[in-house]
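The structure appears below as structure tokens.
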Amino acid sequence: MDVRVITKNVGKALLVSALFMLISMIVSWADGMDSSFAPLAISFVITFITGIFPFIFVKKSGNISTEDGFMIIVLSWVLSFVFGMLPYVLWGGEFTLINAWFESVSGYTTTGGTILQDIENLPKGLLFWRSSTHFIGGLGIVVFMLFLMPSTSSFRMRLTNLELSSLTKDGYNNLRSRKMVNVIVLVYIGLVVAETILLSLAGMSVFDAINHSFSTIATGGFSTKNNSIAYFNSPIIDIIIIVFMLLSSLHFGIIFAMVSSRSFKPLDNPVSKFFLGTAGAIVLTVTAILMISGTCHNIGQAFLDSAFNTISVMTTTGFATADNNLWPISACVLMLYCSYQCGCSGSTNGGVKSDRILILLKGIHCQIRRAFHPNTVYNLKIGKHWLKDDVVLQVGMFIGFYTLIMFVSSVILLIMGVGPAEAFSGPLTCMSNSGPGIGAIGTMGNYDCLPTAAKFVLTLDMAIGRMEIYPLIIVFMLIFKRNRA
């Protein structure tokens, strides 16, 4: 591994965080130099100096290797978590060391789970920084870094291949690395601007509109209000956010194709139809459950509550307009499944992804047909693409590994004395980066009630879910290999 390559590129990731700390300082200054200005200023100086250090003192570095690439990805995330907690720690209040760590990891991984009991007590500068971590994490620290690199740099192509999964890259139709990154950034920022304008027109203040747009497009879920979107009590705002949550859960390449072609034809693909079909079916089912159980007596309200909260969970956004602890357990179970499947690859969603669930279901169907007709050749096809058996195997292994980690985390939380509802829903929603679970960590609750060790375990789940497991494993193997050498 080339330490010079790693430190310089991780430094770029830290400079991105420093930039948003500076913007948060400006927000604090505009709000009359609120109590977050000094913590943000100190954090900015520390983060900026650390990020710029390699460019001053590290000699010119060579080309990147695959090992370097994985180290850059993991270290960019981990160090951003560490430096991102500085404004919280320095501000104080509810932010103990573990709480600041939890909020930072939750922000960057776009999980959206919080330890805060009184969000509205935070000064505007800190609220903006909190939402900014969503903005940075949603687009991906490495994508920010790639966007800042020279287009001719060999770093760009190699890091693009490491940061984006194979399922994601297929949707960009073999675009060059520079164009691929530009498409992601263009779509991401375009969605943020569009939603900010619409939310402002719908009655939100500009500050709230920007913060909630950061959270929506990143599919994160941090709100500026204690009662999340329920605070605004506006069906128009609910509908706007529903639309943008769905858009942010589609492959960004498809959104770009729809805009450039001015057509919905790019949506006519198996993964998008499977995701939207599953979401629609669960919305209707939950609506029926709410009506039959008597939780809602108005079918219009039942449908809107079901649509908003189901899509919020399935897109891993985590906003809420209702308390899921007041819903029947059957509706909550469906919500947990939504947290497991989630949206499409190539979006800001976490979770297993609809792509993998579709491949798994198709693979199971194919195996059943082979069992009944062993002499007949059955190949798996999704849309126009034929998939080899090793692709299905890789998907199955990923889902199995993902589920195993989630199960082990649940057992660890139970051993720590965490209640069953929180112990089983917490790891699921944290690994999927969807945020709220059930019980005390439900849509109107928070994670502050959990033991310190449990909070730390859940932050590991968040990081594993955001990095999709394999980069972390490879880095640990590289470190272990280096220590043995």
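The values are calculated or read from the model by the stated rules, or taken from the named source; none is laboratory data. The structure presented is a predicted model; accordingly, all values stated were derived computationally and were not measured. Positions of Cβ are generated from backbone atoms using ideal geometry, with glycine treated the same way; all protein chains shown enter the neighbour counts. To get the accessible areas, we keep the full protein, side chains included, count just its heavy atoms, and leave off ligands, DNA and RNA. Shrake-Rupley method; radii C 1.70, N 1.55, O 1.52, S 1.80 Å.
Scan the helices (runs of 4 or more DSSP H) fully inside region 373-485 and keep the ones with 3 or more residues being out of contact with any Ser or Thr (no Cβ under 9 Å at 6 or more places or on another chain) and without any contact (Cβ under 8 Å) to a residue 12 or more places away in the chain. Before the answer, list the steps.
Working: elements: 389-415, 420-431, 452-467, 470-484.
The helices (runs of 4 or more DSSP H) meeting that bar are 389-415, 470-484.
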Tally the residues that are open to solvent by 30 Å² or more (accessible area, probe 1.4 Å) and touching a residue at least 24 places away in the same chain (Cβ under 8 Å), restricting the search to region 329-345.
5
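A quick yes/no check of all residues on (1) in contact with an Asp or Glu (Cβ under 6 Å, 6 or more places away or on another chain); (2) open to solvent by less than 20 Å² (accessible area, probe 1.4 Å); (3) within 30 Å of Val181 (Cβ to Cβ):
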| position | (1), (2), (3) |
| --- | --- |
| Phe252 | no, yes, yes |
| Asp268 | no, no, yes |
| Phe274 | no, no, yes |
| Asn325 | no, no, no |
Considering only residues that are polar (S, T, N, Q), touching a helix residue (DSSP H, G or I) at 6+ places or on another chain (Cβ under 6 Å) and in a loop (DSSP other than H, G, I, E, B), which ones fall in region 292-321?
Thr315, Thr317, Thr321
Contact list please: Cβ distance under 8 Å, first residue in region 67-91 and within 17 Å of Phe128 (Cα to Cα), second residue open to solvent by 30 Å² or more (accessible area, probe 1.4 Å) and aromatic (Phe, Trp, Tyr), pairs at least six apart or on different chains.
Phe81/Trp101; Met85/Trp101
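What about Thr216, is it open to solvent by less than 50 Å² (accessible area, probe 1.4 Å), under 24 Å from Ser354 (Cα atoms) and assigned to a helix (DSSP H, G or I)? Give the derivation first.
Values: open to solvent by less than 50 Å² (accessible area, probe 1.4 Å): yes; under 24 Å from Ser354 (Cα atoms): yes; assigned to a helix (DSSP H, G or I): yes.
So Thr216 passes the test.
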Given (1) touching a helix residue (DSSP H, G or I) at 6+ places or on another chain (Cβ under 6 Å); (2) free of Cβ contacts under 8 Å to residues at least 24 places away in the same chain, identify the lone condition not met by Leu97.
(1)
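Output yes when any residue across region 459-474 is among the hydrophobic types (A, V, I, L, M, F, W, C), open to solvent by less than 20 Å² (accessible area, probe 1.4 Å) and over 23 Å from the mean Cα position of the chain (by Cα), and no when none is. Explain how you work it out, then say what you get.
Keep residues of region 459-474 that are among the hydrophobic types (A, V, I, L, M, F, W, C), which gives 460, 462-464, 467, 469, 472-474.
Now restrict to residues that are open to solvent by less than 20 Å² (accessible area, probe 1.4 Å): 462-463, 467, 469.
From the residues that got through so far, the ones that are over 23 Å from the mean Cα position of the chain (by Cα) too are none.
No, region 459-474 contains no residue that is among the hydrophobic types (A, V, I, L, M, F, W, C), open to solvent by less than 20 Å² (accessible area, probe 1.4 Å) and over 23 Å from the mean Cα position of the chain (by Cα).
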Which one of Leu290, Leu267, Leu284, Leu246 is hydrophobic (A, V, I, L, M, F, W, C) and under 27 Å from Thr109 (Cβ atoms)?
Leu246
Could you run through region 1-26 and say how many residues are touching a Pro at 6+ places or on another chain (Cβ under 9 Å) and either modelled with pLDDT of 95 or more or closer than 13 Å to Leu127 by Cβ (or both)?
2
Scanning for something exposed (fewer than 14 other Cβ atoms within 10 Å of the Cβ) and among the polar types (S, T, N, Q), does region 303-323 turn up at least one residue?
no
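Can you pull out the residues in region 64-112 that are among the hydroxyl-bearing types (Ser, Thr, Tyr) and open to solvent by less than 10 Å² (accessible area, probe 1.4 Å)? So that I can check it myself, show each step before the final result.
Of all residues in region 64-112, those among the hydroxyl-bearing types (Ser, Thr, Tyr) come to 65-66, 76, 80, 88, 96, 104, 106, 108-111.
Within region 64-112, Ser76, Ser80, Tyr88, Ser104, Ser106, Tyr108, Thr109, Thr110, Thr111 qualify.
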Given the structure, is Met444 modelled with pLDDT under 90 and under 26 Å from Cys342 (Cα atoms)?
no
Look at region 322-334 and say how many of its residues are closer than 14 Å to Thr287 by Cα and part of a loop (DSSP other than H, G, I, E, B).
3
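Can we say Phe135 is aromatic (Phe, Trp, Tyr), in a helix (DSSP H, G or I), within 20 Å of Ile229 (Cα to Cα) and in contact (Cβ under 8 Å) with a residue 40 or more places away in the chain? Let's see the steps before the verdict.
Working: aromatic (Phe, Trp, Tyr): yes; in a helix (DSSP H, G or I): yes; within 20 Å of Ile229 (Cα to Cα): yes; in contact (Cβ under 8 Å) with a residue 40 or more places away in the chain: yes.
Answer is yes for this residue.
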Given (1) open to solvent by less than 30 Å² (accessible area, probe 1.4 Å); (2) in a helix (DSSP H, G or I), identify the lone condition not met by Phe256.
(1)
Of the conditions (1) farther than 30 Å from Pro451 by Cβ; (2) modelled with pLDDT of 85 or more; (3) of a type in the set (S, T, N, Q), Ser339 fails just one. Which one is it?
(1)
Please state which of the following conditions Tyr88 fails to meet, knowing it meets all the rest: (1) farther than 25 Å from Ala463 by Cα; (2) of a type outside the set (A, V, I, L, M); (3) assigned to a helix (DSSP H, G or I).
(1)
Positions within region 413-431 being surrounded by fewer than 23 Cβ atoms within 10 Å (Cβ to Cβ) and over 23 Å from Gln341 (Cα atoms), in sequence order:
Leu414, Ile415, Met416, Gly417, Gly419
Scan of region 35-91 for residues that are among the hydroxyl-bearing types (Ser, Thr, Tyr) and farther than 14 Å from Ser17 by Cβ, ordered by number:
Ser35, Ser36, Ser61, Ser65, Thr66
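Return yes when Ile237 is within 28 Å of Gly277 (Cβ to Cβ), open to solvent by less than 60 Å² (accessible area, probe 1.4 Å) and without any contact (Cβ under 8 Å) to a residue 60 or more places away in the chain and no when it is not. Can you show your working first?
On the way: within 28 Å of Gly277 (Cβ to Cβ): yes; open to solvent by less than 60 Å² (accessible area, probe 1.4 Å): yes; without any contact (Cβ under 8 Å) to a residue 60 or more places away in the chain: yes.
When the stated conditions are applied, Ile237 passes them.
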